[in-house]
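Here, each number is a calculation from the coordinates, and none is a lab measurement. These numbers come from a predicted model, not from an experiment. Note that each Cβ is placed from the backbone with ideal geometry, even for glycine, and that neighbours are counted across all protein chains shown.
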Ligand SMILES: [Zn+2]
């Protein structure tokens with residue numbers, strides 16, 4: 001075969017394979033939870049990385065989303081991850097049993113990572129939660145589960161995961177904003193609390209950079225969701241005030257119809273949106289209370 005002919009042939013294969021690849025990108029999802037980040041305070045803080053996911057119609061958003069009626073981390077994270085409220089998932093507080101599972105948890109109310117594993121065990125799922133008890137919900141079928149002593153540790157482990165593995169669905173939880181709220185007050189006028197939100201934003205920037213630096217990024221269709229489990233009032237949360245129950249929902253990616261969402265959002269929508277993006281048929285038997293939000297109509 002002449003060399004020019006073989007070049008032509010390999011060129012033709014190259015064109016064909018890149019067309020095939022661009023026709024079917026691999027859906028992937030990253031859910032970022034910032035514990036105790038009050039919606040109005042996020043808007044006051046200087047957060048260029050989170051802003052890049054929604055401002056100027058970069059993504060879909062609501063800043064008056066509502067969390068579980070129990071504004072405590074155990075129940076509220078369970079609601080976000082399962083798409084089912086505490087009335088049914090049964091977690092009422094942060095207490096765990098001797099297996100590290102929240103007391104009261106109804107295992108039928110699976111997290112979206114577990115449902116993804118049920119749908120396709122080949123998917124690589126990961127939960128990186130600074131606050132370890134969240135991983136108690138994941139059972140054994142979530143491929144990578146880790147906790148961390150600091151936000152930096154969670155950030156670095158997430159970046160490492162994106163660099164060295166091929167994750168399909170990731171949940172991360174950053175805990176220091178809530179810590180700052182408990183110590184110094186959840187308040188838009190409190191510099192310490194606002195600064196903690198800005199630090200979380202910088203970590204998120206590193207993680208987003210790692211997503212976009214993946215060699216296969218062009219063949220991937222990432223949905224990034226950012227939300228929180230609850231707000232706060234004075235130095236605590238757990239009550240029913242607007243400051244505690246109002247949260248934000250941000251969704252960004254090629255599958256998202258950008259702009260402010262026309263309907264109200266609840267944190268249970270996070271799980272439903274992630275599952276819909278990943279092509280998992282929602283079984284009515286699951287009785288999900290959340291709905292997919294912001295995805296373009298197919
Ligand atoms: Zn707290």
Angle in degrees between helix 268-277 and the longest Cα principal axis of the chain, rounded to the nearest 10: 10 degrees
Residue exposure sequence - 176, 191 - by fewest surrounding Cβ within 10 Å: 191, 176
Inter-label distance for residue 191 and residue 51, nm, one decimal - labels placed 7 Å from Cα along Cα-to-Cβ: 2.0 nm
Å³ per residue enclosed by the Cα convex hull of segment 199-272: 123 Å³
Longest to shortest principal axis, alpha-carbon extents of segment 137-242, angstrom: 45, 30, 25
Fewest-first ranking of 138, 80, using other Cβ atoms within 10 Å as the exposure measure: 138, 80
Segment 123-187 pair-distance distribution - Cα-Cα, 10 Å bins, rounded %: 22, 47, 23, 8, 0
Projected label distance in nm at residue 144 and residue 236, using a 7 Å step from Cα toward the beta-carbon: 3.8 nm
Rounded D (µm²/s) - segment 26-286, Kirkwood Rh over Cα pairs, Stokes-Einstein at 25 °C, 0.890 mPa s: 136 µm²/s
Helix 3-23 axis, angle to the chain major axis (alpha carbon atoms, nearest 10°): 30 degrees
Cα-based helix-to-principal-axis angle, 73-82 vs the chain, degrees rounded to 10: 30 degrees
